[in-house]
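This report concerns only the one structure given below.
The values are calculated or read from the model by the stated rules, or taken from the named source; none is laboratory data. Since the model is a prediction, treat every value here as computed from it, not as a measurement. Counting neighbours? That spans all protein chains shown, and the Cβs are built from the backbone with ideal geometry, glycine included. Just so you know, the surface numbers come from the protein's heavy atoms only, side chains and all, with ligands and any DNA or RNA stripped out. Shrake-Rupley method; radii C 1.70, N 1.55, O 1.52, S 1.80 Å.
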Protein chains: 2
Amino acid sequence: MTDSVKPRARAADKRRRLATEAARILHEQGVERTTLADIARAADVPVGNVYYYFKTKDELVLAALSEHSAHLDELTNRLDQLPDPRDRLKTLIEAWIDQREVAARYGCPTGTLAVELDKRADGTLDAEAGTVVRRLLEWSGDQFRALGLSDPDDHALTLISAYQGMSLLANALRDPDIMARQGARLLHWLDSLEAPDQTT
Amino acid sequence: MTDSVKPRARAADKRRRLATEAARILHEQGVERTTLADIARAADVPVGNVYYYFKTKDELVLAALSEHSAHLDELTNRLDQLPDPRDRLKTLIEAWIDQREVAARYGCPTGTLAVELDKRADGTLDAEAGTVVRRLLEWSGDQFRALGLSDPDDHALTLISAYQGMSLLANALRDPDIMARQGARLLHWLDSLEAPDQTT
DNA sequence: GTCTATAAATTGATAGAC
DNA sequence: GTCTATCAATTTATAGAC
């Protein structure tokens with residue numbers, strides 16, 4: 001009875017471990033330079049066994065993307081607990097600054113994945129990374145909208161664009177300080193935004 | 001006499017053709033997904049002959065980077081003809097907007113290369129893409145400095161970061177309009193910048 | 001469900017004829 | 001200088017034993 005449960009639990013565990021390690025290694029090494037053997041080794045799973053859980057390498061990439069997507073959900077859910085939309089956005093920016101060392105070393109996980117997946121002939125995964133970015137854009141737009149700002153979606157575009165840009169530059173120049181400086185500027189920018197006066 | 005010149009001229013031509021096509025194809029397909037055969041075919045050079053001009057694939061990547069670097073030089077030299085630094089920056093932004101279709105399809109050539117080269121274990125090419133970005137940062141910083149603005153280097157960082165960010169988003173979402181909208185915002189931002197009053 | 005062995009294909013790079 | 005043929009290594013994916 002107990003024996004029939006354990007293997008199943010371990011099987012689900014292996015799948016999760018593979019997805020988790022895939023997310024980490026694909027971020028660090030990139031999609032093309034990462035072999036299935038790399039991921040299998042990190043997840044402590046024999047190479048041939050990988051195909052029992054993921055039929056192709058693309059499916060593993062997709063699983064990694066889902067991991068990042070889940071992390072994003074977790075973060076926005078936590079931010080939604082804050083009553084003030086402006087505080088939510090500020091806390092988001094502070095989270096980016098906190099991650100500056102990782103960003104300087106490997107870039108934004110979703111952003112670099114988007115760049116890499118775009119260069120693939122397949123065409124099946126091209127849009128997937130865009131979906132994650134779009135969700136972040138929509139959540140940000142909601143916050144600007146709640147603040148009563150005009151053009152909330154343009155503000156969201158500016159914010160996320162700034163994040164992707166500073167991550168890329170921090171990564172290209174290997175300088176985490178870029179994240180800190182541009183992050184501080186974004187915080188100041190947020191403070192300067194005012195809703196149009198509705199009383200007139 | 002004339003015969004001895006022709007082959008030499010054609011040899012230099014082949015090298016240039018290889019570099020030109022490498023720059024184009026590496027931008028479109030990415031470094032890892034582009035084979036030497038791809039570049040050789042596009043440059044109309046037999047595969048085995050490529051190694052006479054470039055000893056390794058990395059050297060071809062480096063040559064492609066030099067091409068992009070030369071294009072950047074050409075652009076800034078042209079912009080330097082304009083008397084007003086602010087006009088130089090505005091014309092630069094307008095050039096970005098003009099390239100929106102290419103950016104939406106393949107991203108910024110230097111930016112995507114920087115992302116890809118960072119993911120390589122080699123370590124020899126990691127810094128090379130950063131060098132090109134840094135030159136653009138320095139040129140921009142010079143313009144802000146000429147305008148008498150405080151923190152010219154931070155302004156440059158904001159500008160180039162915005163460019164990289166909007167290119168990445170336009171590419172990830174396959175939407176050239178993002179370049180147009182964010183470009184317009186940058187133009188407005190440039191107009192709003194004022195030098196600190198020196199008379200007081 | 002798990003794992004080993006190996007197939008099948010691709011690709012960076014070289015040898016050597018012309 | 002130019003090109004063909006090919007090597008050597010890597011990597012995705014499968015077949016089949018346990």
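Tell me, please, whether a residue that is more than 9 Å from every other protein chain (Cβ to nearest Cβ), of a type in the set (A, V, I, L, M), over 30 Å from B:LEU26 (Cα atoms) and over 19 Å from the mean Cα position of the chain (by Cα) can be found in segment A:152-173. Scanning segment A:152-173, I find no residue that is more than 9 Å from every other protein chain (Cβ to nearest Cβ), of a type in the set (A, V, I, L, M), over 30 Å from B:LEU26 (Cα atoms) and over 19 Å from the mean Cα position of the chain (by Cα), so the answer is no. Flag set for B:GLU128, criterion: in a helix (DSSP H, G or I), closer than 30 Å to A:ALA127 by Cα and open to solvent by 50 Å² or more (accessible area, probe 1.4 Å).
Only residues that are within 13 Å of chain A (Cβ to nearest Cβ), within 11 Å of DNA strand C (Cβ to nearest atom) and surrounded by fewer than 19 Cβ atoms within 10 Å (Cβ to Cβ) were counted in segment B:15-56, giving 5. What about A:PRO109, is it touching a Leu at 6+ places or on another chain (Cβ under 6 Å), crowded, with 18+ Cβ neighbours inside 10 Å and either closer than 24 Å to A:GLY183 by Cβ or more than 10 Å from every other protein chain (Cβ to nearest Cβ) (or both)? Against the criterion (touching a Leu at 6+ places or on another chain (Cβ under 6 Å), crowded, with 18+ Cβ neighbours inside 10 Å and either closer than 24 Å to A:GLY183 by Cβ or more than 10 Å from every other protein chain (Cβ to nearest Cβ) (or both)), A:PRO109 does not qualify.
Return the residues of segment B:180-200 that are assigned to a helix (DSSP H, G or I) and open to solvent by 10 Å² or more (accessible area, probe 1.4 Å); say none if nothing qualifies. Listed by number, the residues that qualify are B:ALA180, B:ARG181, B:ALA184, B:ARG185, B:LEU187, B:HIS188, B:TRP189, B:ASP191, B:SER192. For segment B:157-179, residues that are in a helix (DSSP H, G or I) and surrounded by fewer than 16 Cβ atoms within 10 Å (Cβ to Cβ) total 1.
Consider segment B:92-106 and keep the residues that are loosely packed, with under 15 Cβ neighbours inside 10 Å and without any contact (Cβ under 8 Å) to a residue 40 or more places away in the chain. The one that is nearest to A:ALA172 (Cα to Cα) is B:ALA95. Regarding A:ARG33, is this residue of a type outside the set (A, V, I, L, M) and away from DNA strand D (no atom under 11 Å from the Cβ)? Answer is no for this residue. Would you pick out the residues in segment A:145-156 that are under 21 Å from B:ALA180 (Cα atoms), touching a residue at least 12 places away in the same chain (Cβ under 8 Å) and not in a loop (DSSP other than H, G, I, E, B)? Hits for segment A:145-156 are A:ASP153, A:HIS155, A:ALA156. Taken as a whole, the structure places A:ASP122 among residues that are in contact (Cβ under 8 Å) with a residue 60 or more places away in the chain, open to solvent by 40 Å² or more (accessible area, probe 1.4 Å) and within 11 Å of chain B (Cβ to nearest Cβ). Among the residues of segment B:26-77, those that are outside any loop (DSSP other than H, G, I, E, B), over 14 Å from the mean Cα position of the chain (by Cα), within 26 Å of A:ALA172 (Cα to Cα) and charged (D, E, K, R) comprise B:LYS57, B:ASP58, B:GLU59. So is A:GLN143 among the polar types (S, T, N, Q) and either touching an Asp or Glu at 6+ places or on another chain (Cβ under 8 Å) or open to solvent by less than 20 Å² (accessible area, probe 1.4 Å) (or both) or not? Judged against the criteria, A:GLN143 is a match. Taken over segment B:127-150, the criterion of being over 13 Å from B:GLN164 (Cβ atoms), modelled with pLDDT under 95 and touching a helix residue (DSSP H, G or I) at 6+ places or on another chain (Cβ under 6 Å) is satisfied by B:GLU128 alone.
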